[in-house]
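Okay, structure first, notes after.
The values are calculated or read from the model by the stated rules, or taken from the named source; none is laboratory data. This is a predicted model, so every value here is computed, not measured. All Cβ positions, even for glycine, are placed from backbone atoms using ideal geometry, and neighbour counts span all protein chains on display. Protein only, heavy atoms only, side chains kept; ligands, DNA and RNA dropped before computing areas. Shrake-Rupley method; radii C 1.70, N 1.55, O 1.52, S 1.80 Å.
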Amino acid sequence: MLPSYDDLPGGKAWGVWGDSTGQGNGEGDVFGCLNLLTPERVQAGVACVQRGAVFALNWDMGLPDPPLFGRAAFQHEVTSLEHDAGHDETISGWNTQSSSQWDGFRHIRHAVHDFYGGVPDEEHGIHHWAARGIVGRGVLVDVGRWREAQGRPLQYDGPDPVEPDDVLGCLDAQGSAFEPGDILLLRTGWTAWYESLDPGRRQALAQNLLAPGLRPGVATARMLWDLHPAALAADNPAVEVWPPGSLAPPEVIARIATDYEAVAPEVFLHFALLPLLGLPLGEMWDLDALAADCAADGRYMCLLTSAPLNLRGGVASPPNALAIK
Ligand code: UVW
């Protein structure tokens with residue numbers, strides 16, 4: 001029986017899956033909520049495969065263009081083999097978070113508690129997730145479509161919050177019974193909206209990103225933890241709204257220096273989800289074709305597979321994710 005959020009000391013899920021600190025011997029838990037992906041959850045995913053329909057969830061590696069958050073654009077060079085025998089290629093200056101990605105546990109430090117498990121970041125790395133593989137039952141929660149049907153369409157050019165009740169209300173309206181260990185796929189519709197923008201608006205967005213997403217705060221962390229997902233992947237830039245702090249009242253922001261622990265998750269949800277709860281976060285996944293199919297057949301469950309890069313010490317990775325129905 002998993003503890004509820006309110007039973008977690010200080011909102012920390014360390015120790016839920018055994019010693020997360022490794023007591024300094026480098027053998028602490030490096031999977032967090034991925035521990036919920038048991039063989040039974042894999043079989044639950046397999047049971048969703050009825051038609052053999054496959055949806056590839058990596059967005060175009062070159063999008064957004066320019067990249068967001070000041071990240072570099074990569075250079076792709078195709079080189080010729082001797083005797084005109086074909087090609088190799090190189091990618092230089094590539095930031096693993098410039099397009100569809102998993103945020104690994106090295107990505108975000110909590111200023112008080114350090115990285116997940118309270119260990120130095122070197123003890124984490126995307127290679128651990130690569131060696132394990134990420135396979136389970138995916139459940140799409142199409143908040144973008146649902147909010148539109150409700151007459152409250154998401155605003156894509158501002159920090160429009162997705163409330164905890166939006167997620168739960170949408171799951172309910174879809175008739176999706178979310179089970180502990182499912183992988184939550186949150187669709188806002190942001191990637192499709194981005195693709196509709198002209199180069200000038202893409203440039204402006206790279207310089208000053210405003211984006212919808214989950215509302216930061218303990219209420220959202222509680223809603224997510226109490227669903228007990230193995231991971232959460234979304235199609236917007238940061239899972240949560242951007243910029244951080246845009247929804248918090250000034251008096252809350254003013255307390256950040258003196259009361260960091262209480263205020264940090266209200267400002268930036270990443271602090272509560274990655275280092276404290278150990279919840280892997282996917283961002284900018286391409287969920288539109290899957291969502292259209294789910295809307296058409298009313299089935300929001302799939303087999304979800306993801307093979308992150310086997311990059312020792314990696315901070316993040318493209319998900320290389322497939323949804324199969
Ligand atoms: C930042 O925290 C800027 O990155 P991401 O949204 O990719 O996790």
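Listed values, structure above:
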read-out: Sequence of I183, I91 from largest to smallest accessible area, 1.4 Å probe; value: I91, I183
read-out: Charge-dipole axis of region 206-325 as Lys and Arg at +1 and Asp and Glu at -1 on Cβ define it, positive-most pick from Y300, V263, H228; value: H228
read-out: Selected from G117, P66, Q101, residue furthest toward positive end of dipole (region 51-146; charges at beta carbon); value: G117
read-out: Separation of the V112 and F69 label points, Cα + 7 Å toward Cβ, nm; value: 2.3 nm
read-out: Region 191-276 - percent of accessible surface contributed by carbon and sulfur, probe 1.4 Å; value: 58 percent
read-out: Isotropically averaged projected area of region 1-159, using the convex hull of Cα atoms (one quarter of hull area), nm²; value: 16.0 nm²
read-out: Mean Cβ count within 10 Å, highest first, over the residues of peptides 102-110, 8-16; value: 102-110, 8-16
read-out: Candidates G181, G118, G93, ranked by Gaussian network fluctuation over the chain, Cα under 10 Å, top entry; value: G93
read-out: Charge sum, other residues only, whose C-beta stays under 13 Å from L269's C-beta, Lys/Arg counted +1 and Asp/Glu -1; value: -3
read-out: Approximate spin-label separation D6-Q43, in nm, with each point projected 7 Å along Cα-to-Cβ; value: 3.5 nm
read-out: For the chain, size of Cβ-based charge dipole, Lys and Arg +1, Asp and Glu -1, in debye; value: 360 debye
read-out: Selection from A149, S92, F55 lying farthest towards where the dipole of region 28-151 points positive, charges on Cβ; value: A149
read-out: Net dipole in debye of region 143-214 [+1 Lys, Arg Cβ; -1 Asp, Glu Cβ; about Cα centre; nearest 20]; value: 280 debye
read-out: Whole-number accessible area per residue in Å² for the chain, which is evaluated in the context of all protein chains at 1.4 Å; value: 42 Å²
read-out: Area accessible to solvent at E195, 1.4 Å probe radius, in Å²; value: 90 Å²
read-out: Of all accessible heavy-atom area on region 18-69, the percent that carbon and sulfur account for (1.4 Å); value: 52 percent
read-out: Probe 1.4 Å, all protein chains present, accessible-area order of M1, M61, largest first; value: M1, M61
read-out: For the chain, fraction of C-alpha pairs farther apart than 24 Å, in %; value: 54 percent
read-out: Long-range tail of P(r) for region 1-50 (Cα pairs > 15 Å, %); value: 59 percent
read-out: Mean residue ellipticity (222 nm) of the chain, computed from DSSP H runs ≥ 4 via -39,500 (n - 2.57), nearest 500; value: -6500 deg cm²/dmol
read-out: Inter-centroid distance (Cα atoms) of region 198-234 relative to region 100-131, Å; value: 19 Å
read-out: Cα gyration tensor, region 102-144 - rounded (a/c under 1.5), prolate or oblate; value: oblate
read-out: Kirkwood hydrodynamic radius over Cα pairs of region 111-260, then Stokes diffusion coefficient at 37 °C and 0.692 mPa s, in µm²/s; value: 189 µm²/s
read-out: Around G181: net Lys/Arg minus Asp/Glu count, Cβ-Cβ under 10 Å; value: -1
read-out: In sequence order, calculated HN-Hα J values of region 110-118 (Karplus, 6.51, -1.76, 1.60; Hz; x Gly/Pro); value: 8, 4, 9, 9, 6, 8, 3, x, x
